[in-house]
Each structure stands twice: as C-alpha cells, then as structure tokens.
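Colleague: Below is the structure I would like to discuss, written out as structure tokens.
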Amino acid sequence: MSASQKQLFGLFAHPVGHSLSPVMHNRAFQALGLPFYYHPFDIPPERLPEAVAGLKALGIRGINVTIPHKENIVPLLDELDPEAEAIGAVNTVVLSETGRLVGYNTDGAGYVQSLLSETGINLKETNVLLLGAGGAAKAIAVYLIKHGCASLTIANRTEHKAETLAHHVQRYAAQSHDGKGSSSPVRINVHSWSQLDRDGVKAYQLIINTTPVGMWPNVGHVPLELKELSPGTIVSDIVYNPLQTAFLKAAEQRGAQVHQGLGMFIFQGALAFKLFTGYEAPLEVMRKVVEDQLNLSSSQGK
Ligand code: ATR
C-alpha cells in the first residue's frame, strides 16, 4: 500500500459513541504524516453481514471491531490468524493485498505486550491467577499460554464458566505445545471464587483482574480482598477508568508492583495500527492523546 494514497479505516461497534479508538488512530496517522482517516461506524447487529461485505466493495483497508460484534464477525471473514481462531473473537480485520478479509485479536496480544514492556516480568517463571472468564479473560489467557507462563489458574464468580474457559484454552495449550515440542506445557487450573478469600493468593506472582469490578462509577469496589501477597507479586487490572483502580491501590499498599489497564488499550491499538499500515505505531503519541481524553472526561465528571 502506498503511504501517499488516501485510505479509510474504521471501527464497527454498537453503540460507537464513547470509543477512544478514532482519536487515537487519527492522531497516530497525523504523527506519521499519513493521509489516512479512521471513522467510527455504528453498525447494529443485524446489519453486520452487509457492513462486512461493504468493506471489500469500498476498499476499506482495515477495521477494529468491538461490542457486540467481536464473535459474530468470525464466520463472515475469509481467514483468521491462529490465536484469533483459538480465542473465537476478532478485534481487528485487515483487507489483504489479495482481497481477503483476515481477522486478528490484538486485545490479548496487546495485554501481554503492555505487561512485558511495563513490568519486565518473566512469564516463564510466573504462576498466574486470572480473575474472570469472559471475552477479555479468554483473549488474555490464550496469549499468556502462547508466551509460556508457568501456570494459569482461572477463578470466576460463576464457576462453570471458569471450567469452560479452562477446557477451551487447554486445547490451545496442547496444540501450541505439540508445535514447539521442547518446553513443558502450561499447567491450567480452576480455583473456586468463593474460596479465594480463605485460601489466599500467595501462590501467584501475577494476579489479573479481567472483570469490570472497580470501573467508574463503582470506583470503590474490588474483585477480591487482597491479604498477604508474595514479595515481588505483580497485580494487574484491565479496567482503565479510573487508571488506578481500588484493587491496584490495595495491591500497592501491600507492596505489590501494579500494572494499569490503559496499556492494554494502547498496545491493542498499536498492534492494529501496524497491521493496518505496516508502520510501527507512535506509542507515546497514542498514549498521550488517550490520557488527555480520559482526563478531560473525568474533569467534566463523565
Ligand atoms: P468481557 O468481554 O469484557 O470480558 P464479559 O464477557 O461480560 O465481559 O465478562 C465479564 C466477566 O466479569 C465475567 O467473568 C463475569 O463473571 P460471571 O461469569 O460470573 O458473570 C465477571 N464479573 C462481572 N461482574 C462481576 C462482579 N460484580 N463480581 C465478580 N465478577 C464479575
């Protein structure tokens, strides 16, 4: 693709109103001097097939996909990358040079890149506790396995969903282990949510909240009361509004290193930007514009 040619990118969502993706991508295009534009499209679920078919007709080079389309778009695409296939959900679609629509999931990849670059963690020596078993948990679990964490324990309020997620990612772990051969496979377990309080979390070096607990306006809520933590534990929250959740504050008071949720959003966007344009994303420009928008909305009480 020529960088001097005008290109259209976009977001498919419903509703699309509050997304920060358009401002983040448009600022990034501007920073690199690319004559590209990223438009938010409000697509009701029943019109998704028409909208996807329209991408090819209109020559739109790439889109992000969010609620409620991430899973429903899968059968409408020509190809999926292996991780998107394992997750069963797509947040980025690229129209390839050969005219095929290829789906990716940069949510999980973005989470892990953000974690690695912001904390310096060595996942191979890390026993992970994942709180929640929804779509975000699934994307993160697949990429933690891809990067070879020592073990992954899933705890969810509705326990059977934790079991289902564990079985699902177990298949991916077995396949990716067969492909690599040498290293030992990731151990995957389920822990009862109600017994986490009693059993404590000292066995884990990384604790990740993937539930919406603590998100504005319920800023005082925590998914789990943290008692004793092992020295060097990292506590991570994918909620980024507020940036420092009550869960992260409690973790910091107990001596943990914390990892905020904004990085996942920025890195998923940066990976999508690279897939869209072929260029490395201007990460700091993207972070700054998103932080400015978040500060703006909190100062307006939104
Ligand atoms: P997402 O796609 O953002 O991950 P989701 O698929 O709706 O969203 O999943 C939300 C997750 O947060 C689920 O694991 C949910 O637990 P249940 O399976 O029991 O519903 C979890 N969750 C939501 N509200 C919660 C709460 N108040 N306490 C504990 N877990 C909660």
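Colleague: Please list 3J(HN,Hα) in residue order for the range 187-196, calculated via the Karplus relation 6.51 cos²θ - 1.76 cosθ + 1.60 where θ = phi - 60°; whole Hz, with x for glycine and proline.
Modeller: Once rounded to whole Hz, the list reads 7, 10, 10, 10, 10, 5, 4, 5, 9, 4.
Colleague: Pull out a ≥ b ≥ c, the square roots of the eigenvalues of the alpha-carbon gyration tensor of the range 166-302, then state rounded if a/c is under 1.5, prolate if not and a/b is larger than b/c, and oblate in the remaining case.
Modeller: On the way: a/c = 2.20, a/b = 1.11, b/c = 1.98.
The shape class here is oblate.
Colleague: Length gain on complete extension for the stretch T119 to T66, per 0.36 nm per residue less the alpha carbon to alpha carbon distance?
Modeller: 16.4 nm
Colleague: Subtract the Cα-Cα distance of R198 and E280 from 0.36 nm times their separation in residues, and report this length gain in nm to one decimal.
Modeller: 24.9 nm
Colleague: Exceeding 18 Å between C-alpha atoms, which entries from my cross-link table qualify? They are K146/K274; K124/K146; K227/K249; K70/K138.
Modeller: In this structure, K146/K274 exceed 18 Å between Cα atoms.
Colleague: What does the accessible area per residue of the chain come to in Å², with a 1.4 Å probe and no ligands, DNA or RNA counted? All intermediate terms of the calculation are to be shown ahead of the outcome.
Modeller: Working: 14110 Å² over 302 residues.
With the other protein chains kept in place, the chain gives 47 Å² per residue.
Colleague: Can you grab the distance from the C-alpha centre of the range 58-75 to the C-alpha centre of the range 2-29, Å, no decimals?
Modeller: A separation of 13 Å, based on Cα centres.
Colleague: For the chain, what does -39500 (n - 2.57) per DSSP helix run (n ≥ 4), summed and divided by total residues, give at 222 nm, in deg cm²/dmol to the nearest 500?
Modeller: The per-residue figure over the chain is -12500 deg cm²/dmol.
Colleague: In the full protein assembly as shown, how much of Y172 is accessible to a 1.4 Å probe, in Å² to the nearest 10?
Modeller: 20 Å²
Colleague: Give me the distance in nm between label points sitting 7 Å out from Cα along the Cα-to-Cβ direction at Y37 and T164, one decimal.
Modeller: Modelled inter-label distance: 4.2 nm.
The values are calculated or read from the model by the stated rules, or taken from the named source; none is laboratory data. All of these numbers come straight from a predicted model, not from anything done at the bench. Neighbour counts are summed over all protein chains in view; Cβ atoms, including those assigned to glycine, are modelled from backbone coordinates with ideal geometry. Keep in mind that these areas ignore ligands, DNA and RNA; they rest on the heavy atoms of the full protein, side chains included. Shrake-Rupley method; radii C 1.70, N 1.55, O 1.52, S 1.80 Å.
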